[in-house]
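Trainee: Can you read through this structure? Questions will come right after.
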Amino acid sequence: HIHAFQISVIALFAVFVYLLNRRYLETLATAERHEEELRAKLDEQERQLTEQHKTLERLRVAAELREQRDAIMQDLHDRVGSSLTTVLHRVRSANVSADETALLLQELEDDLRAISQPGNSEPPTLNALLAAIRHRMQRRLDHGAIRLHWQVDPFLPDAPLTSDQAKNLRLILSEALANAIRHANAGAITVRAEFDEGIAKLRIEDDGKGFDASKADRGRGLVGMRDRAILLKANFGVNENAPGGTVVTLDFPLRHSA
């Protein structure tokens with residue numbers, strides 16, 4: 001009886017160890033299987049995320065290309081379209097001299113060159129931007145015998161404009177001056193600029209015949225000017241019935257010099 005008891009204990013212990021080991025191996029196998037399944041799911045999710053990332057990247061690039069295309073189209077309209085329309089109208093009506101035709105074509109060439117230049121140059125200050133616009137428009141002013149009264153505060157902030165600010169300001173002011181030169185039959189144009197409590201205040205006025213803004217929005221680029229003013233977070237106004245001509249105002253926030 002004593003030997004049988006000892007043998008039975010050893011046998012039971014062996015069976016217990018076997019069952020415990022088998023259960024452990026089964027649990028380990030189940031854990032490995034679950035780990036493989038989880039790894040497969042993670043790999044699939046990673047693949048899906050990679051595909052989604054590639055899709056989002058393609059969409060982002062496509063959106064940037066659309067924005068660049070729209071910006072180029074807007075630039076072509078604002079800077080080239082009105083000049084080209086003016087040239088065609090005057091040539092067809094035989095109401096343009098050879099010198100004026102050459103001048104208009106030179107402006108078109110300057111506009112196209114400006115649009116095609118890469119936008120990696122250092123943005124100018126407001127004073128520098130205004131000076132560049134004045135220099136560009138001076139030939140047209142001289143040709144049309146239009147006096148220019150330049151009332152720009154020389155102490156405007158000398159902090160550089162952002163690239164977008166410089167671009168939108170250049171196009172708005174160039175369009176306003178071009179409208180006064182081409183359409184107003186003005187004898188004088190006044191450009192004012194001042195800075196007060198974080199706001200740059202620009203004003204372009206002429207002594208011409210004025211116009212009806214409701215009939216000239218498209219022809220004179222006022223829609224584009226207003227859209228660009230929104231991008232500048234600016235207050236934009238056109239007083240087409242001002243006494244003696246047209247007044248264009250543009251007030252926008254501008255950080256002061258550091």
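Trainee: Hey, can you grab everything whose amide H is under 5 Å from the amide H of ALA200? Only 5+ residues off in sequence or another chain; H modelled, so Pro and N-termini drop out.
Mentor: Those lying under 5 Å, H to H, from ALA200 are PHE252, LEU254.
Trainee: Further, regarding this structure: 5 Å is the cut-off here: which amide hydrogens, built 1.01 Å from N in the peptide plane, fall below it relative to THR246, excluding neighbours closer than 5 in sequence?
Mentor: ASP206, GLY208, GLY210
Trainee: How big is region 2-74 by Rg and Dmax over its Cα atoms, in Å?
Mentor: Radius of gyration, then largest Cα-Cα span, for region 2-74: 30.9, 105 Å.
Trainee: To the nearest 10 square angstrom, how much accessible area does LYS201 have with a 1.4 angstrom probe?
Mentor: Accessible surface of LYS201 is approximately 70 Å².
Trainee: Tell me which lysines have Cα within less than 29 Å of LYS201's Cα, excluding those fewer than 8 residues away on the same chain?
Mentor: List returned: LYS167, LYS209, LYS215, LYS233.
Trainee: Can you list residues whose amide H is under 5 Å from ILE189's amide H, if they're 5+ apart or on another chain and H is modeled 1.01 Å from N?
Mentor: It is ARG147, LEU148, HIS149, by chain and number.
The values are calculated or read from the model by the stated rules, or taken from the named source; none is laboratory data. On a predicted model such as this, the values are computed, not experimentally measured, just so you know. These area figures cover heavy atoms from the full protein model, side chains too; ligands, DNA and RNA do not enter into them. Shrake-Rupley method; radii C 1.70, N 1.55, O 1.52, S 1.80 Å.
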